[in-house]
Amino acid sequence: MAKVSFHDTNGRPVRGAVVAITGAPDEMIDLGYVTDDAGAIQFTPPAEGEYLFSLTGPDGGSLRARTLLSDSEAEVTATAS
Amino acid sequence: MTKSLKDPNANVMDQSEEPNAGPPTSDQAPSQSDNRSAFQFDTEYEVVSGIDQNIKEPDTEASNTAIRVLGNETGWELGNTGASFGTEFDETSALDAIYGSYPELLEQMRQEVVIGVDNRVRVQATSSYPWRAICGLKIQAANGQRFIGTGWLISPRTVITAGHCVFLHGAGGWASSIEVVPGLNDASRPFGSHVGTALRSVTGWTQGKKRENDYGAIILPANSRPGAQTGTFGFATRDDAFLKNAMLNLSGYPGDKGGNQQWFMAQKAKSVSSRVLTYDIDTAGGQSGAPVWILQNNQRYAVGIHTNGAASGNSATRIVKAVFDNLLAWKALGA
């Protein structure tokens, strides 16, 4: 499982946000994710490459993020803005 | 990436169908399954780890209840379990449907086209059938992670969804609970909220993680009967020729819109294989489990369960005879 932690531009974790993976290098299940208290989600990436994310916070605000995942066990931090 | 999905061996199949039950009305005459030709294309746009890849009977039912209480469980007896209530909508022509019955959706679609991001249309009237029979799902996984998805009612207490919404490989297996919200519309919950813990899928998904077996169900508790208020979807098998020409409707709760709004789009299939329907209908994470349905002779029949997204085409688990039979059994459980 890969773990992606989302921080805002001030470095604070984006907690309780609904996350949709809007871009991936290969087919994925169309499940939506909710970030935990550390602002993280976990999922199984189907392939190495760039992943795009749409985040909607509990207050309705929208953020975008992107990151590269080099393997299925990657742990990365992405800045959502 | 998605492979070519044409399957030359899948041209003939049974034409089974279970009628939808629209909003309860005084006219509740049962409708009979018909014998219409497989080449009758009169459908319409809806308006508006431990993986075993060698499962011998991948559509054998699996359930969290069975695992906790009964151990191994075999398939279900079949039977026609429901009467039809008919629907409240008049049939219109395919091309005119979205313009005729739901002009408010047309206007929203225009706005979306202007934006140019995608072609989904927001469904504002989620208290109306069929939209109210579509449910936002709030999924609590066994390992504590949270997810969102979509489901749809086929009987008062039976919600159909993706297998990966009820059994999450990598997140502890069977979900610990799933909140079902019919017609969810931002903060509005016109038919309340219902928590299900009795879950169903098939071994092809729970043990084999096979894409073609990615479907499941939530059986709500006896005191939760939202489908009796909302009306329900029918479901049916259709052959390849039919599905390649049919208008496919899909509506669900995408995460890129926050997960609390219902969004709809309709289009013909891109390709049809023996167990998968592929289309260019726009979707996003959170729409897993959404119904892919046809509107035919004023009846709504789900023919697929949306599961996957890919740049080459989004896709659904196709309702074939084995899937149909399980849905029919699960429908009876929630009657």
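Readers should treat all values here as calculations from the given coordinates under stated rules, not as data from a laboratory. What you see is a predicted model, and the numbers here were worked out from it, not measured in a lab. When we count neighbours, we look across all protein chains shown, and the Cβ atoms used for this are built from the backbone with ideal geometry, even at glycine.
Each peptide among B:294-302, B:131-139 gets the average number of other Cβ atoms lying within 10 Å of its residues, and from highest to lowest they stand as B:131-139, B:294-302. State which entries of A:Lys3/B:Lys244; B:Lys210/B:Lys270; A:Lys3/B:Lys270; A:Lys3/B:Lys331; B:Lys138/B:Lys244; B:Lys210/B:Lys268 exceed 31 angstrom in Cα-Cα distance in the structure shown. Correct reply: A:Lys3/B:Lys244; A:Lys3/B:Lys270; A:Lys3/B:Lys331; B:Lys138/B:Lys244. For region B:135-221, the ratio of Cα radius of gyration to the globular rule of thumb 2.2 N^0.38 Å stands at 1.03. With a 10 Å cut-off around each Cβ of B:153-166, the average count of Cβ atoms from other chains is 1. Loop-only check: which trypsin sites (Lys or Arg not before Pro) in chain A are DSSP coil with at most 15 other Cβ within 10 angstrom? Counting only loop positions with at most 15 other Cβ atoms within 10 Å, the trypsin sites (Lys or Arg not before Pro) in chain A are A:Arg15. The order of the peptides B:278-289, A:25-36 by mean Cβ neighbours within 10 Å, most packed first, is B:278-289, A:25-36. Computed across region B:284-335, the Kirkwood hydrodynamic radius from all distinct Cα-Cα pairs reaches 12.3 Å.
Cα centroid distance between region B:114-187 and region A:6-81, in Å? So the separation of the two Cα centres works out to 20 Å. The overall shape of region B:161-290, judged from the alpha-carbon gyration tensor, is oblate: a/c is not under 1.5, and a/b is no greater than b/c. Look at the stretch A:16-28: the mean tally of other chain Cβ atoms within 10 Å of its residues' Cβ atoms is 6.
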